[in-house]
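The values are calculated or read from the model by the stated rules, or taken from the named source; none is laboratory data. All of these numbers come straight from a predicted model, not from anything done at the bench. Note that each Cβ is placed from the backbone with ideal geometry, even for glycine, and that neighbours are counted across all protein chains shown.
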Amino acid sequence: DELSLGPKALKRGGAEINARTDELLQRLRLQHVADANPYTLSGGEKRRLSVATVLATGPAVMVLDEPTFGQDRRTWEELIRLLADIADAGTAIVAVTHDLDFTGLLADTRIELPAWQTATETTP
């Protein structure tokens with residue numbers, strides 16, 4: 001239901017919605033929790049579900065916040081492949097992340113923000 005909400009709001013057809021949600025559940029290894037309440041999912045499953053809900057609508061631009069956080073190596077690699085495929089198909093992806101491996105593999109452009117100084121630090 002969570003995955004189909006966006007496509008339903010966009011007035012997509014039932015068959016298209018079912019095909020897309022089934023594909024995303026399989027690709028992000030969420031089939032086993034397809035009927036679960038999203039609040040009962042593990043942290044990694046919640047993260048993958050949040051990415052899947054964005055992907056379900058097929059946006060021209062995706063904005064992601066720490067998309068690889070909490071993923072095991074296998075899922076991290078699958079997510080990287082999925083996002084690479086989406087980018088190759090023409091979707092622009094903007095991601096905020098601390099994962100330098102992620103940016104190393106996917107980023108065309110990377111903007112690094114300076115580390116915040118704590119109240120006890122002084123500037124030279």
Of the residues in region 79-120 that are surrounded by fewer than 16 Cβ atoms within 10 Å (Cβ to Cβ) and charged (D, E, K, R), the one that is modelled with the lowest pLDDT is E112
Of all residues in region 27-66, which are under 22 Å from H98 (Cβ atoms) and charged (D, E, K, R)? E45, K46, R47, R48, D65, E66
Quick check on region 42-54. Is at least one of its residues part of a loop (DSSP other than H, G, I, E, B) and surrounded by 13 or more Cβ atoms within 10 Å (Cβ to Cβ)? no
Quick one: which of L82, L64 is of a type outside the set (V, I, T) and either touching a Lys or Arg at 6+ places or on another chain (Cβ under 9 Å) or in contact (Cβ under 8 Å) with a residue 40 or more places away in the chain (or both)? L82
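Which of the following residues is within 15 Å of the chain's Cα centre (by Cα) and not in a helix (DSSP H, G or I): A95, A84?
The conditions single out A95.
Pick from region 1-33 the residues that are part of a loop (DSSP other than H, G, I, E, B) and closer than 20 Å to R74 by Cα: which of them is modelled with the highest pLDDT?
Filtering region 1-33 down to residues part of a loop (DSSP other than H, G, I, E, B) leaves 1, 10-13, 28-30.
Still in the running and closer than 20 Å to R74 by Cα: 28-30.
Numbers: L28: 86, R29: 87, L30: 92.
My answer is L30.
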Out of P59, P67, I need the residue that is under 28 Å from R12 (Cβ atoms), part of a loop (DSSP other than H, G, I, E, B), modelled with pLDDT of 90 or more and not polar (S, T, N, Q). Which one? P59
Hits in region 1-38 (condition: in contact with a Leu (Cβ under 8 Å, 6 or more places away or on another chain) and exposed (fewer than 14 other Cβ atoms within 10 Å of the Cβ)): Q31, A34
When the residues of region 11-61 are filtered to those that are under 17 Å from the mean Cα position of the chain (by Cα) and of a type in the set (S, T, N, Q), which remaining residue is farthest from I86 (Cα to Cα)? S42
